[in-house]
Amino acid sequence: MSRRIYPIAAWLLLALLAVYFLFPIYMAIINSFKDQSEIYRSVLSWPSTVRFENYSDAFHKANMLKSGLNTIIVTVTGIVGIVLFSSLAGYKLSRTRGRLSQGLFMLFVASMLIPFQTIMVTLTKMARDLGLQGSPFGLGVVCAGLGVNMAIFLYHGFVKGVPRELDESAMMDGCGEWRAFFLIIFPLLGPITFTIVVLNLLWLWNDFLLPVLLLNDYRAYTLVLTINMFFGKYSREWPLILASLILSSLPIVVIFAFFQRWIIQGITDGAVKG
C-alpha cells in the first residue's frame with residue numbers, strides 16, 4: 001500500500017504546487033483582455049469581450065521597442081562583464097595558493113552578505129561621478145560590478161574540478177596564461193557559465209531598484225520602469241499593466257523554453273562540481 005500511496009501523494013502535492021504557482025499567471029492573462037470596469041467588477045470571471053487592443057495600446061504607450069532595447073543593453077552589458085571578469089578572477093584565485101589569494105576570495109564572499117540598502121546612496125554618487133548615471137550601458141556596468149561576487153564564488157568552486165595538468169600541458173605547448181585560459185579552461189566552464197548567465201538574466205531583466213536609482217531620463221527607461229508609469233497617483237491602468245507585464249515576460253519564457261535542458265544541466269553540474 002505504501003508503494004502505491006507515496007507516488008499518488010507526490011503527484012497530488014506537485015499538482016497543488018503547480019496550481020498555486022500558475023494561478024497568478026492565469027489571472028494576469030484573463031484580466032489583460034478586459035477593460036478597467038470589468039476588472040473591478042470581477043477579477044475571476046472570463047472577459048465578456050476579448051480586448052486584443054490592450055496589448056497594442058500597452059506596446060505603444062510603454063514604447064516597448066525603445067525600453068526593450070534599453071533592457072537588452074543593460075542585460076547584455078551586465079552579463080558579459082560578470083562572466084568575463086568573474087571567470088578570470090575565479091580561475092586565478094583558485095589556481096594561486098597563498099594568503100593574499102585566500103584573503104581576496106574571502107573578501108568577495110563577505111561582500112555577498114552586505115545588504116544593498118547600505119551601499120545604495122554611495123553607489124549612486126559613485127555612478128554619477130564616473131558618468132555612469134542616466135544611460136543603459138552605465139547601468140549595465142554597475143550591475144556587472146554588483147554581480148561578480150556571487151559569480152566569482154561559483155567559478156572558484158567549479159575551477160577546482162578542472163585538473164591542473166591541463167594548465168601545465170598548455171604552458172609546455174607554448175600557450176601563455178591568457179591564451180591557455182580562453183582556449184582550454186574557459187570552454188570547460190560551460191555548465192557553470194550557463195548557470196551564471198541564467199541567474200543574472202533573471203535579475204537584470206526584472207530589476208527595478210537599480211534602474212529607478214540610476215536612470216533619470218524616460219528615454220533610457222527599461223521595461224520595468226515604463227510599466228511602472230502606468231501606476232498613477234490616484235489610478236491604476238490595470239489592463240495596460242497586465243498586458244505589458246505579459247509582453248515583457250515573453251522573451252524570458254521563450255529563452256527558458258528553448259534552453260530548458262541546458263539550464264537544468266548547468267545548474268546540476270555546477271552544484272556537483274562546485
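Details
- Flag for Trp178 being farther than 19 Å from Ile79 by Cα, open to solvent by 60 Å² or more (accessible area, probe 1.4 Å) and in a helix (DSSP H, G or I): yes
- Hits in the stretch 154-168 (condition: crowded, with 19+ Cβ neighbours inside 10 Å and either assigned to a loop (DSSP other than H, G, I, E, B) or aromatic (Phe, Trp, Tyr) (or both)): Tyr155, Phe158
- Cβ-Cβ distances below 8 Å connect the following pairs, each with a first residue in the stretch 79-100 that is of a type in the set (D, E, K, R), a second residue that is assigned to a helix (DSSP H, G or I) and open to solvent by 70 Å² or more (accessible area, probe 1.4 Å), and a separation of six or more residues or different chains: Arg95/Arg164.
- Lys66 passes every criterion in (1) open to solvent by 70 Å² or more (accessible area, probe 1.4 Å); (2) within 27 Å of Leu204 (Cβ to Cβ); (3) modelled with pLDDT under 90 apart from (3).
- Test: residue in the stretch 26-43 that is assigned to a helix (DSSP H, G or I), among the aromatic types (Phe, Trp, Tyr) and open to solvent by 60 Å² or more (accessible area, probe 1.4 Å): yes
- Taken as a whole, the stretch 89-96 holds no residue that is open to solvent by 70 Å² or more (accessible area, probe 1.4 Å), of a type in the set (D, E, K, R) and under 21 Å from the mean Cα position of the chain (by Cα).
- Residue match in the stretch 209-223 (condition: closer than 28 Å to Leu130 by Cα, crowded, with 21+ Cβ neighbours inside 10 Å, β-branched (Val, Ile, Thr) and out of contact with any Gly (no Cβ under 8 Å at 6 or more places or on another chain)): yes
- Residue within the stretch 3-19 that is touching a helix residue (DSSP H, G or I) at 6+ places or on another chain (Cβ under 6 Å), at negative phi and β-branched (Val, Ile, Thr) present: no
- Of the residues making up the stretch 230-258, those that are touching a helix residue (DSSP H, G or I) at 6+ places or on another chain (Cβ under 8 Å) and either among the aromatic types (Phe, Trp, Tyr) or modelled with pLDDT under 70 (or both) are Phe230, Phe231, Trp238, Phe256.
- Among the conditions (1) among the hydroxyl-bearing types (Ser, Thr, Tyr); (2) touching a helix residue (DSSP H, G or I) at 6+ places or on another chain (Cβ under 9 Å); (3) at pLDDT below 90, the only one that Ser135 does not satisfy is (3).
- Test: residue in the stretch 134-144 that is of a type in the set (S, T, N, Q), open to solvent by 60 Å² or more (accessible area, probe 1.4 Å), out of contact with any Gly (no Cβ under 6 Å at 6 or more places or on another chain) and on the phi < 0 side of the Ramachandran plot: no
- Only a single criterion out of (1) in contact (Cβ under 8 Å) with a residue 24 or more places away in the chain; (2) farther than 30 Å from Asp167 by Cβ is not satisfied by Gly232, namely (1).
- Of the set (1) modelled with pLDDT of 90 or more; (2) in a loop (DSSP other than H, G, I, E, B), all apply to Leu88 but (2).
- Checking each residue in the stretch 109-120 for being surrounded by 10 or more Cβ atoms within 10 Å (Cβ to Cβ), assigned to a helix (DSSP H, G or I) and under 20 Å from the mean Cα position of the chain (by Cα) picks out Val109, Ser111, Phe116, Met120.
The values are calculated or read from the model by the stated rules, or taken from the named source; none is laboratory data. Every value quoted in this text rests on a predicted model; they were computed, and no experiment measured them. Heads up, the Cβs are rebuilt from the backbone with ideal geometry, glycines too, and the neighbour counts pull from every protein chain shown. Only protein heavy atoms, including side chains, enter the accessible area calculation; ligands, DNA and RNA are left aside. Shrake-Rupley method; radii C 1.70, N 1.55, O 1.52, S 1.80 Å.
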